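The values are calculated or read from the model by the stated rules, or taken from the named source; none is laboratory data. On a predicted model such as this, the values are computed, not experimentally measured, just so you know. Every residue, glycine among them, receives a Cβ derived from its backbone with ideal geometry; neighbour counts consider all protein chains shown.
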Amino acid sequence: MFGMFTYVDGIAEGHFMKFSYNETSGELNNYSVRTAEGYDKIFQSVVIDTFAPDNHKIAGSTFNQWNDTHCMVVHNNPTAMINGHSNSSSTVVSFILNESMDVEEIDMGTGDRETVRIFSDGLNASISVANGTIDIDNSTSDVYVNVTANEGMFVFRMMPYFAGEGIGPMLSQAVNEGKVSNELAVLARDGDALAVENVYDPRYSMEMVKVGEGSISLNLSSTVSEGKVMVIVFDDETLDPASGISVTLNDEDVPEAYIEEVLNSTGDAATDSVYALIDENGTQYLVAYIPHFSTQYLSVESVSVEDDDDSYLMVIAVAVIVVAAAVLILIKRKSM
């Protein structure tokens, strides 16, 4: 779900991507992502116009660089995500494609989002921006995808190389359409827990409160009230859904629905919350629609197999007692 970065002599490398880094300009070069065969280069470089980073930092599975005006985060997870934010209305971020990659515009309909698809054989990715523009410049031998954020957020996101025809394409499409605000990967082992968040809309946040003992609990918050889809990714060792799960929002049960219904939900009443749980090769994707925001509490718990077995055994025991009593009465009547 995610892995640690290493950074030595200007080379940042993780399991899911690698690139070289110019500490003076903040430029990412030879940005390559994990495939089934190894690494494939997506970008020759990623450049923020007139950017001079004050600092950069490796923090677990993220690579961060920033100054007073701009910030950029690279995520070492299956999406190989790059996201950034600018306080300037005129800053251009240029993604210069590797020669093996193609690009096409995606019609997002109405709204303040623009998206392009980047692809080649076996690779599928997108660049999207909220409150900004994307221009494709192929006037030279190199193809530039130029993003102007207009004080908004831009996101590059890969479809994971191991994704099949299930949750991967649907989730990528929902992210591109601005339906998904956050995606949190959670890993718990031996009493310790790690959580890494992909933020697609900076107005929303997910804060891990508790992980372990068969449950995951989160605080959800936002500066706006608009409902959004939030995603929690975990494995069977973190929380095993084999016996079923219970999902509650503010201690109220959330009903289960089809994934398509969750991703297309638009209601704003508390009763409009729904969730879907998708298993992809042992990785669990819990996709929940949160209909409105202030501060909310989301809890995911596995249903106790032991409790279920106890209740089942109790029913059997009661049945045996009833049958035994009937037999005794019958025998007594016969003896009379």
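Considering region 188-209 alone, what residues qualify as being more than 18 Å from the chain's Cα centre (by Cα) and part of a strand (DSSP E or B)?
Residues of region 188-209 more than 18 Å from the chain's Cα centre (by Cα): 189-192.
Result: Arg189, Asp192.
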Which numbered condition Ser222 misses (of (1) surrounded by fewer than 20 Cβ atoms within 10 Å (Cβ to Cβ); (2) in contact (Cβ under 8 Å) with a residue 12 or more places away in the chain): (1)
Subset of region 210-229 that is assigned to a strand (DSSP E or B), among the small types (Gly, Ala, Ser) and modelled with pLDDT of 90 or more - its residue that is farthest from Val175 (Cα to Cα): Ser215
For Asn77: the one exception among (1) under 24 Å from the mean Cα position of the chain (by Cα); (2) part of a loop (DSSP other than H, G, I, E, B); (3) more than 17 Å from Val233 (Cβ to Cβ); (4) not hydrophobic (A, V, I, L, M, F, W, C): (3)
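Can you pull out every residue in region 241-276 that is assigned to a strand (DSSP E or B), touching an Asp or Glu at 6+ places or on another chain (Cβ under 9 Å) and of a type outside the set (A, V, I, L, M)?
Filtering region 241-276 down to residues assigned to a strand (DSSP E or B) leaves 245-249, 252-253, 256, 274-276.
Those left that are additionally touching an Asp or Glu at 6+ places or on another chain (Cβ under 9 Å): 245-248, 274-276.
Hits for region 241-276 are Ser246, Thr248, Tyr275.
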Residues located in region 141-166, provided they are hydrophobic (A, V, I, L, M, F, W, C) and surrounded by fewer than 22 Cβ atoms within 10 Å (Cβ to Cβ): Val143, Met153, Met159, Phe162, Ala163
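Hey, among Gly3, Gly26, Gly84, which residue is in contact (Cβ under 8 Å) with a residue 24 or more places away in the chain, out of contact with any Asp or Glu (no Cβ under 9 Å at 6 or more places or on another chain) and not in a loop (DSSP other than H, G, I, E, B)? Talk me through it step by step, then tell me what you get.
Numbers: Gly3 fails: not in a loop (DSSP other than H, G, I, E, B); Gly26 fails: not in a loop (DSSP other than H, G, I, E, B).
Answer to the check: Gly84.
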Region 128-144, subset part of a strand (DSSP E or B) and in contact with a Ser or Thr (Cβ under 7 Å, 6 or more places away or on another chain), residue modelled with the highest pLDDT: Tyr144
Residue within region 46-69 that is under 26 Å from Val175 (Cα atoms), among the aliphatic types (A, V, I, L, M) and not in a strand (DSSP E or B) present: no
